[in-house]
Structure formats: C-alpha cells, structure tokens
Amino acid sequence: MKNVFDVLKERGFIKQTVYEEDLYKLLGSESVPFYVGFDPTADSLHIGHYIPIMAMAWMQKYGHKPVALIGGGTAMIGDPSGRTDMRSMMTRETIEHNCACFRKQMSRFIKFDGENPAIMANNADWLLNLNYVDFLRDIGVHFSVNRMLTAECFKSRMEKGLSFLEFNYMLMQGYDFLKLYQDYGVVLELGGDDQWSNMLAGANLIRKKEEKPAYAMTFTLLLTSEGKKMGKTAKGALWLDENKTTPYEFYQYFRNVEDVKVEECMRLLTFMEMDEIKELTKYNDERMNSAKERLAFEVTKLVHGEEKAIEAQKQARAAFGGGSSEDMPKAEIDGSINLVADLLVAVGQAKSKGEAKRLIEGGGVSIDQEKITNPFGEIPSSSLSNKEFILHKGKKVHIKVSVK
C-alpha cells in the first residue's frame, strides 16, 4: 500500500514536518497513533477544522490510529495563537455540550467504531486536577522562557499584553502530547500551521522526558488568492452545522470559489481521485463551472450527506437556471410585512433594517423582475397578491417567498 505521507504530500496537505525521513519510514512500516487537537469554543466545527479532519480520515484509511483531542481543559484558558485579544472563558457544561457536537460531526469523516476505531479524548481529564507545583517541577523545567517568547503564537499578543494565564498554554499543549504518548502511544501531532510552536513544544517534551522519538506535521491553511483565510461569509464563519450554515449556503460557497482555487479545494476537501481532479480542472473557460458544481456537491455530501447535497444542488440549479423553481430555496413571511427592508431581515438576508436599506440603495435587490431602488419601498402589490414571489439579492441569492 502507498505510504500515507506520499498521499498527503501529493494532495497538498503538508506544510512543515520535523525529522521527515524518520517519520516517512515510520508511516510506511507500522500503524502510528496520532492526534489532532480541537478547541471546543463553539457547538459546531467550521471550515477551518476541515483540512485537519480530512487528514485524519486519510491517515485512518491507511491504517493509522486517530485520536481526536478535545481541549476541555485548555478551553478554560484559551489559546492565544492568532489572537490579539484574550479569549472569553467557558463553563464546563458548555464545553461538554460542544464536545458532543464535535463527535457527531467528525463521525462523517472518521470511524469511532469497527476496525481501527478513532478515540476521542478530553484534556480536562488530566489538566483540571493537576497539582501546579508538581506540574512546574515536572514539566515547566523543560521549557525555556526565552525560546517561548520567540514563538509566533505569542508575538501578536506581546504588544497588548500577554497574560500569565495564556503563557501557560504552550506548557499545557506540550503536556497533552506527553500524556497521549503515555496513555495511547501517540507519537505524532497534526494541526494547522499556526500551531507549529505549540506542536514542537510537545514533541520536544517527549524527546526530553521519555527519550523517545516524537513528530509534528502541520497543514496548509486554505487561503483565497489574496492570502485571506477561506470560509468567511457575509454571515460570518462557514459552519459544518446546518443550523448555522444551511446545506444550500454551504454548497453555494464552494460553487462560487475562484477558478484558481478549485483544484486545491478538490485535493484537500474531497476524496476524489487525483487523475479525475486534474481532468476536471484543466480548463480556463466556462467548463470550470462543471468542476465547481462537482466540488460543491462532493464537499456538501461529505459534511451533510448525499440527500442534502442533492437537494442543495437542485436548489442552486433552480435559482440560477436549468432547474425547477420548486427546488429553489424557500422562505415564508407574515402577510403584515410590506416593506422590502423588513422582508430582507425576515428571510435572513440582512442583519438589520439599516443594512437592508443599504443593500437596496446599492441596487442589488429585485422582486420578481422589478428592481427595488427606494430604501423605504414596498413589496410590489402584484407580488403580494400572488402570495408568492422571487426575491433576488445580488447575483447569487434567489429565494422563493410565500406569504401566509
């Protein structure tokens, strides 16, 4: 069987590794327990978690042992990586609820039962009952403050002030790796490139305390051609929970990615064969639309299941031509709504009346075939009397609205 390292490299996952030659040999010779950490700061995973989860799925497919580590303990402090402010602290009840949500979503990608099942661990089990003096004597002695202060995860916080609470985060994440090594034989940590300093700290701790090899591997971040993180929408993050981001919205996000990012998204976010990906994305013309539609379908199927993906595809085709209006995204409003600004808020296409009025003034709103230009304008009487009409917002949002 092909070495999973080759698979991950070919598909563009790998950004940095340590002791690469040794790690390559290890992954090609035996089943390797590895882990990825997740902070349970919300009740849903988002697109930023997607690449590490896909990497876990590939690793498991090639016989390696996944451990999904939920940061129930570290979430009570907050990771300073990529932050210019301090994260708000969470209750244990909220964290436990979020952990349950994560497991359900991850189950679409990795197996928690059957042969070679994944394990879900929670660092609250060992962090919350630590004796601080013992921890400092046993773990803190292996960390250099000078070296810690050079880490990228702390640099952005130094100007505004890095709390001592957050300064402990690297020690705790390093300790996580050590505990997982001791409890499950974990010798490899995977994660986003913004976690490199913390991951190295854990690998080095194992090498110092246990005098055994340990490894770290970071992944490419999914960026737009402008270098910004992908997954930001008008509503905020692109969530994997359909109650936060509907399957249709999720599908449409990937249906509308830049042409130059389609191949990368297919490599990283789907299980499609590489030959098929290259064939679908070799064009620089309107044929890329077929590739985008395939990308959107495959990613939505993985996250929400095939039935929801088919429904989202039908809705998109109906909204943009080539399908029945019956498949278009639907919304229902109360008959008392007669202003277009109120309509936009009611169907979730504007956060406030002020935002709705700005959209109308910008010329991006139409009802049926009539463009709305007056920010205080009413829904056309003909549309209201029909009890059904199509709301268009820009070129990408088309909703079939029914009036109660």
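The values are calculated or read from the model by the stated rules, or taken from the named source; none is laboratory data. None of the values given here were measured: they were computed from a predicted structure. Methodologically, a virtual Cβ is constructed for each residue, glycine included, from the backbone with ideal geometry; neighbour enumeration extends over all protein chains shown. We work out accessible area using only protein heavy atoms, side chains counted, and drop any ligands, DNA or RNA first. Shrake-Rupley method; radii C 1.70, N 1.55, O 1.52, S 1.80 Å.
Brief remarks follow.
- Estimated dipole of the range 202-275 in Debye, rounded to 20 [Cβ of Lys and Arg +1, of Asp and Glu -1, Cα centre]: 540 debye
- Quotient of C-alpha Rg and 2.2 N^0.38 Å, computed over the chain: 1.13
- Amide proton proximity set for A216, modelled H, under 5 Å, gap of 5+: V18, E189
- Of the listed residues W126, W239, the order by accessible area with a 1.4 Å probe, largest first, is W239, W126.
- For the range 225-302, lysine pairs separated by 8 or more sequence positions, or belonging to different chains, with Cα-Cα distances below 16 Å total 11.
- Think of each Lys and Arg Cβ as +1 and each Asp and Glu Cβ as -1; about the Cα centre, that makes the dipole of the chain roughly 540 debye.
- Helix-only [θ]222 nm of the chain, DSSP H runs n ≥ 4, -39500 (n - 2.57) each, per residue, nearest 500: -12500 deg cm²/dmol
- As a fraction of the 1.4 Å probe accessible area of the chain, surface on carbon and sulfur atoms comes out at 48 percent.
- Virtual spin-label span in nm between T373 and D194, 7 Å along Cα→Cβ: 4.4 nm
- Residue ranking by accessible heavy-atom surface, 1.4 Å probe, largest first, among Y19, Y184, Y253 comes out as Y19, Y184, Y253.
- Rounded to 5, percent antiparallel among DSSP beta bridges of the range 8-138: 0 percent
- R92 contributes about 120 Å² of solvent-accessible surface, heavy atoms of the protein only, 1.4 Å probe.
- With at most 10 neighbouring Cβ atoms within 10 Å, loop GluC sites (Glu not before Pro) (DSSP) excluded, longest segment of the chain: 287-404
- Antiparallel DSSP beta bridges within the chain, percent to nearest 5: 45 percent
- Accessible surface, the chain, averaged per residue in Å² (probe 1.4 Å): 48 Å²
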